[in-house]
1. Of the residues that sit in the stretch 12-43 and are β-branched (Val, Ile, Thr) and without any contact (Cβ under 8 Å) to a residue 40 or more places away in the chain, which one is least open to solvent (accessible area, probe 1.4 Å)?
2. Looking only at the stretch 4-43, count how many residues are more than 19 Å from the chain's Cα centre (by Cα) and closer than 25 Å to Lys67 by Cα.
3. List the pairs whose first member sits in the stretch 53-68 and is closer than 12 Å to Lys9 by Cα and open to solvent by 70 Å² or more (accessible area, probe 1.4 Å), whose second member is hydrophobic (A, V, I, L, M, F, W, C) and at pLDDT 95 or above, and whose Cβ atoms are under 7 Å apart, counting only residues at least 6 apart or on separate chains?
4. In this structure, does Lys46 turn out to be farther than 28 Å from Ala70 by Cα, surrounded by 13 or more Cβ atoms within 10 Å (Cβ to Cβ) and without any contact (Cβ under 8 Å) to a residue 60 or more places away in the chain?
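The values are calculated or read from the model by the stated rules, or taken from the named source; none is laboratory data. Keep in mind the model is a prediction, meaning the values are calculated, not measured. Because the Cβ atoms are built from the backbone with ideal geometry, glycine has one as well, and the counts that use them run over all protein chains shown. Protein only, heavy atoms only, side chains kept; ligands, DNA and RNA dropped before computing areas. Shrake-Rupley method; radii C 1.70, N 1.55, O 1.52, S 1.80 Å.
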Amino acid sequence: MDYTEEDLKEAQRQISSTLQKLRRAAETLETKENPDRYKSQITLAKRRIRAFEISLDLLQREIEQKKEKA
């Protein structure tokens with residue numbers, strides 16, 4: 001599927017926003033009194049953070065490729 005540069009930039013903004021919130025949530029869980037109790041939530045948050053970081057990287061590559069073609 002072909003996306004416009006504007007579509008990709010909006011997706012990038014939305015993912016960045018969600019990523020920031022997710023990082024804060026993970027940090028909050030890690031600083032709780034007994035972080036071992038939240039181990040599964042912390043692991044899930046870290047995996048999602050990594051997935052969003054990869055998504056942002058791929059979006060940036062796609063945006064750069066679109067600029068090169070233009």
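1. Taking the stretch 12-43 as the starting set, the residues that turn out to be β-branched (Val, Ile, Thr) are 15, 18, 28, 31, 42-43.
Then drop every residue that is not without any contact (Cβ under 8 Å) to a residue 40 or more places away in the chain, which leaves 18, 28, 31, 42-43.
Values: Thr18: 63, Thr28: 75, Thr31: 106, Ile42: 19, Thr43: 51 Å².
Top of the filtered list is Ile42.
2. 1
3. If the second residue must be hydrophobic (A, V, I, L, M, F, W, C) and at pLDDT 95 or above, the pairs left are Glu62/Leu8.
4. On the way: farther than 28 Å from Ala70 by Cα: yes; surrounded by 13 or more Cβ atoms within 10 Å (Cβ to Cβ): yes; without any contact (Cβ under 8 Å) to a residue 60 or more places away in the chain: yes.
So Lys46 passes the test.
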